[in-house]
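Beneath this line is the structure, given in structure tokens, with notes to follow.
Readers should treat all values here as calculations from the given coordinates under stated rules, not as data from a laboratory. Because the structure is predicted, anything quoted here is derived from the model rather than measured. Here the Cβ positions follow ideal geometry from the backbone for every residue, glycine too, while neighbour counts run over all protein chains shown.
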Amino acid sequence: MSATDGTEAIDPGVAPSGTGCVECEEAGGWWFHLRRCAQCGHVGCCDDSPAQHATAHYRATGHPVIRSFEPGEEWFWNYATDELYVSGPELAPPVSHPADQPVPGPAGRVPADWADTLR
């Protein structure tokens, strides 16, 4: 990633907001996959999740760059340019939700018919 590609919207020193989607945790919802704002650390759910909180965070704040918050995934996405980056700067740990956290998650809140509700 170069500075014109969104690096200016990344703060590598900011830790993630938690281990799950902030808004889903507050509302008692569930998510499919998690995304982390590379600027402020907000963790939100992906666009395949029922509530799409990561995209809502971008729309509300203008923070364009997210990174996957899934174990083993290191890619970044820039909402402003609709570009995927396979690498970027190291972010403050942790770099993913706990490996024992189920996908979808969190445990105990995912409906039995979850696959039928994905977008």
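Okay, here's what the table says:
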{"quantity": "Residue-averaged [θ]222 nm for the chain, counting only DSSP H segments that reach four residues, each worth -39500 (n - 2.57)", "calculated": "-3500 deg cm²/dmol"}
{"quantity": "Phi to ³J(HN,Hα) by Karplus 6.51 cos²θ - 1.76 cosθ + 1.60 over region 33-38, Hz, x for Gly, Pro", "calculated": "10, 10, 10, 10, 5, 7"}
{"quantity": "At R0 = 30 Å, FRET efficiency that the Cβ-Cβ distance of Ala15 and Asp116 yields, to 0.05", "calculated": "0.30"}
{"quantity": "Proxy reagent accessibility, fewest Cβ within 10 Å first, across Ile10, Ile66", "calculated": "Ile10, Ile66"}
{"quantity": "Length added when fully stretched, Arg59-Glu90, from 0.36 nm per residue minus Cα-Cα", "calculated": "8.7 nm"}
{"quantity": "Label-point separation, Glu73 to Gln101 (7 Å along Cα→Cβ), nm", "calculated": "1.3"}
{"quantity": "When the chain is reduced to its Cα atoms, the Kirkwood hydrodynamic radius in Å", "calculated": "14.2"}
{"quantity": "Separation of the Glu8 and Asp82 label points, Cα + 7 Å toward Cβ, nm", "calculated": "2.2"}
{"quantity": "Cβ-isolated cysteines (cut-off 4.7 Å), the chain", "calculated": "Cys37, Cys40, Cys46"}
{"quantity": "Calculated from backbone phi, Karplus (6.51, -1.76, 1.60) coupling profile of region 64-73 in Hz, x at Gly/Pro", "calculated": "x, 10, 10, 10, 4, 10, 9, x, x, 10"}
{"quantity": "In sequence order, calculated HN-Hα J values of region 39-48 (Karplus, 6.51, -1.76, 1.60; Hz; x Gly/Pro)", "calculated": "9, 10, x, 4, 9, x, 8, 6, 6, 7"}
